[in-house]
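Structure record follows, encoded as structure tokens.
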Amino acid sequence: MLIESSFDVPAPPEQAWDLLMDVPRVIPCMPGTTLVEAVDASSWKARLDVKLGPVALSFDTDVHREQVNRDELRTTLVARAREVRGRGAGQARIESSLFAENGGTKVLIRTDLTLSGAVAQTGRGLVEAVSAQLVQSFADCLQAQLRGPGPEASAAAAAQAAPIKGHTLALRALAHRFTRFLRRLTGRP
């Protein structure tokens, strides 16, 4: 499944690029994710914890930076995740591109995602809606990181460490979709 998303950060592209290339600093900004090991300059091991109602899933994830084009501010990461108890797996190819926009940076993310097992049964619409919520949480944490080290950056990363709660994200995503639908009906932006 192909998922496209974007977010803005209040920093010039070069500064945002430097942060995004610092994967050990960025991984804690991904909701439910903990850096386990830096294998080398282009490979990392992480743990992703997801809670779907009463079901808790933990994924051992291998992340590899496959391509880097600093001139075009574009990079590709490949992630392979396995649920530790064998209840599912996932693979993602994540292409990120940065562009200068309105004095800051627009980050475009294109993810080709394949899921199997229990997580795959949630359905495309829910996965896309939850993905939008996760990208927003990630963007908020990156913005705090770009403001510089300190209590706000540490608190933002710590807030992301809790397991992803699929039902909570799904409810937020459905509420957001419903609000957008109502706005279209009433003609409000």
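The values are calculated or read from the model by the stated rules, or taken from the named source; none is laboratory data. Everything numeric here is computed off the predicted structure, so don't read it as measured data. Here the Cβ is made from the backbone with ideal geometry for all residues, glycine too, and neighbour counts use every protein chain on show.
Residues in the range 71-89 that are farther than 18 Å from ALA118 by Cα and surrounded by fewer than 11 Cβ atoms within 10 Å (Cβ to Cβ): ASP71, GLU72.
Can you name the strands (runs of 3 or more DSSP E) wholly within the range 1-64 that have at least 2 residues being among the basic types (Lys, Arg) and more than 27 Å from ASN102 (Cβ to Cβ)? Give the derivation first.
Numbers: elements: 2-9, 33-40, 43-52.
Strands (runs of 3 or more DSSP E) meeting the threshold: 43-52.
For the range 22-43, the criterion of being over 13 Å from ALA79 (Cβ atoms), of a type in the set (Lys, Arg) and within 17 Å of the chain's Cα centre (by Cα) is met by at least one residue.
One residue stands out among those in the range 96-118 that are surrounded by fewer than 17 Cβ atoms within 10 Å (Cβ to Cβ) and not small (Gly, Ala, Ser): the one that is nearest to LYS51 (Cα to Cα), which is THR114.
Go through the range 74-110 and give me each residue that's part of a strand (DSSP E or B) and among the small types (Gly, Ala, Ser). Passing the criteria: ALA79, ALA81, GLY88, ALA89, GLY90, ALA92, SER96, SER97, ALA100, GLY104.
Can you confirm whether SER137 is at pLDDT below 85, surrounded by fewer than 15 Cβ atoms within 10 Å (Cβ to Cβ) and in a helix (DSSP H, G or I)? If you could, list the steps in order and put the result at the bottom.
Numbers: at pLDDT below 85: yes; surrounded by fewer than 15 Cβ atoms within 10 Å (Cβ to Cβ): no; in a helix (DSSP H, G or I): yes.
So SER137 does not fit the description; no.
Of the residues making up the range 19-60, those that are among the charged types (D, E, K, R) and at pLDDT 90 or above are GLU37, ASP40, LYS45, ARG47, ASP60.
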